[in-house]
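Enquirer: My questions will all concern the structure given below.
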């Protein structure tokens, strides 16, 4: 019988050192994003939250503030690192030694998009994508929804992780 070799992520103490990259705009970072981070840490030794810089978009919260807020929020967790990057996600993933890219899936539409991106990313770099489905109670939450609620003066506190603070944005309606 032929031996089957798997290339699953390993945990520390099992030949570990596995790193997953979680790229996104995180404008803002939601409780759904935080849930994915916690769940991914059960599978990988380290997660790098990679705040993407898109020169064509100004963003609701400046990139530097998003990065700093996330660094402050995850301060003391040696398994979470926060970086910003520009360019192709696969190039950044390779540069930081990530063995996989993390993506969250809320809907069928998300799944179709993420599948196409995963195929291209694997073709470009050989890096696989790990998709985690949103927890059902969090599936309706998106950064764009939160920005819209804030625009209309609604309280966004329930949708942001408790303790995450942005310098320019209050967690509640202004």
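Throughout, read-outs are computed from the coordinates displayed, never taken from laboratory work. Just so you know, these numbers come straight off a predicted model, no measurement behind them. Every residue, glycine as well, gets a Cβ built from its backbone with ideal geometry; the counts of neighbours run over all protein chains shown.
Enquirer: Provide 81, 71 in ascending order of the number of other Cβ atoms located within 10 Å of each residue's Cβ, fewest first.
Expert: Starting with the residue having the fewest Cβ neighbours, the order is 71, 81.
Enquirer: How do 67, 82 line up, fewest other C-beta atoms within 10 Å first?
Expert: 67, 82
Enquirer: For the chain, what is the percent of antiparallel DSSP beta bridges, rounded to the nearest 5?
Expert: 0 percent
Enquirer: Gap in Å between the Cα centre of the stretch 102-174 and the Cα centre of the stretch 39-61?
Expert: The distance from the Cα centre of the stretch 39-61 to that of the stretch 102-174 comes to 10 Å.
Enquirer: Run the numbers on the chain and let me know its relative contact order in percent, using alpha-carbon pairs under 8 Å that are six or more apart.
Expert: With pairs under 8 Å counted, the relative contact order is 26 percent.
Enquirer: Let me ask something additional. Using only the alpha carbons of the chain, determine the length spanned along each of the three principal axes and report them from longest to shortest in whole angstroms.
Expert: Reported extents, whole Å, longest axis first: 65, 36, 33.
Enquirer: What FRET efficiency comes out for the pair residue 122/residue 147, r = Cβ-Cβ distance, R0 = 41 Å, nearest 0.05?
Expert: The formula returns an efficiency of 0.85 here.
Enquirer: Here's another thing I want to ask about it. Counting each DSSP H run of 4 or more residues in the chain as -39500 (n - 2.57), what helix-only mean residue ellipticity at 222 nm follows after dividing by all residues, to the nearest 500 deg cm²/dmol?
Expert: -9500 deg cm²/dmol
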